[in-house]
Amino acid sequence: MVMPIAEARRQTLRHRVVLVMLHDAEGRVYLQKRGANKHLYPGRWDLSATGHVRAGESREDAALRELREELDIAAVRLIRRAEIPATEETGFAHITLFAAGPAGETPRPNPDEVADGMFVDADELDALLEHFRDMLTPALIWATERGDVFRDMPALP
């Protein structure tokens, strides 16, 4: 069934979501600060790119599309890190987590989607988690606590 995501959420229907962690050549991960206009978690720091999978779209294609739309990043290698089934805890979203990179270009955040962004290393991310947890999205906290953010970094081609 195809419908607006707001309606799918209202009806608590299962839907597909991709989360992407973009890494640079130094092994850092890019965090985006969600725009103030976002429905969920406005103004919080999040994984590099996130979004819903469109009808007929593969999860990989959705991840690449979100990187282009949100950060103007094209053609990076994707590695599927995790699959989380849709449950009440995930808002009935079936989540696919990807690692991407290394980025050969500098992210250029789309101001309609992203308020700010920065690359951080593991120590910086740990400090954010410890001191500014309430400024992070649940997805970023989840991926960090699982150990997925810096696990088996994508290699340079």
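Brief remarks on what is shown
- Matching residues in the range 72-122 - criterion: being in contact with a Phe, Trp or Tyr (Cβ under 6 Å, 6 or more places away or on another chain) and at pLDDT below 90: ALA86
- Lone unmet requirement of (1) at pLDDT 90 or above; (2) part of a strand (DSSP E or B) for GLU69: (2)
- Residue check, GLU57 assigned to a loop (DSSP other than H, G, I, E, B), acidic (Asp, Glu) and open to solvent by less than 50 Å² (accessible area, probe 1.4 Å): yes
- Considering the conditions (1) in a strand (DSSP E or B); (2) free of Cβ contacts under 8 Å to residues at least 40 places away in the same chain; (3) open to solvent by 30 Å² or more (accessible area, probe 1.4 Å), GLY51 is excluded by exactly one of them, (3).
- Leading residue by the ranking (nearest to ARG81 (Cα to Cα)) among those in the range 102-157 that are in a loop (DSSP other than H, G, I, E, B) and hydroxyl-bearing (Ser, Thr, Tyr): THR137
- Inside the range 133-147, residues that are open to solvent by less than 100 Å² (accessible area, probe 1.4 Å), out of contact with any Asp or Glu (no Cβ under 7 Å at 6 or more places or on another chain) and touching a residue at least 12 places away in the same chain (Cβ under 8 Å) make up a count of 6.
- Which numbered condition ASP121 misses (of (1) within 17 Å of VAL29 (Cβ to Cβ); (2) crowded, with 18+ Cβ neighbours inside 10 Å): (2)
- Residue satisfying condition, being within 16 Å of ARG16 (Cβ to Cβ) and free of Cβ contacts under 8 Å to residues at least 60 places away in the same chain, within set ASP123, ASP72, ASP61: ASP61
- Long-range neighbours under 8 Å by Cβ, at least six apart or interchain, first residue closer than 13 Å to LEU140 by Cα within the range 25-41, second polar (S, T, N, Q): VAL29/SER48; TYR30/SER48; LEU31/SER48; GLN32/SER48; ARG34/THR137; TYR41/THR137
- Selection count, the range 90-116, where residues are of a type in the set (Gly, Ala, Ser) and either open to solvent by 50 Å² or more (accessible area, probe 1.4 Å) or at positive phi (or both): 4
The values are calculated or read from the model by the stated rules, or taken from the named source; none is laboratory data. Small disclaimer: the values here were computed from a predicted structure and weren't measured. Positions of Cβ are backbone-derived with ideal geometry, glycine not excepted, and every protein chain shown enters the neighbour counts. Each accessible area value is taken on the protein alone, full model and side chains, heavy atoms only, with ligands, DNA and RNA left out. Shrake-Rupley method; radii C 1.70, N 1.55, O 1.52, S 1.80 Å.
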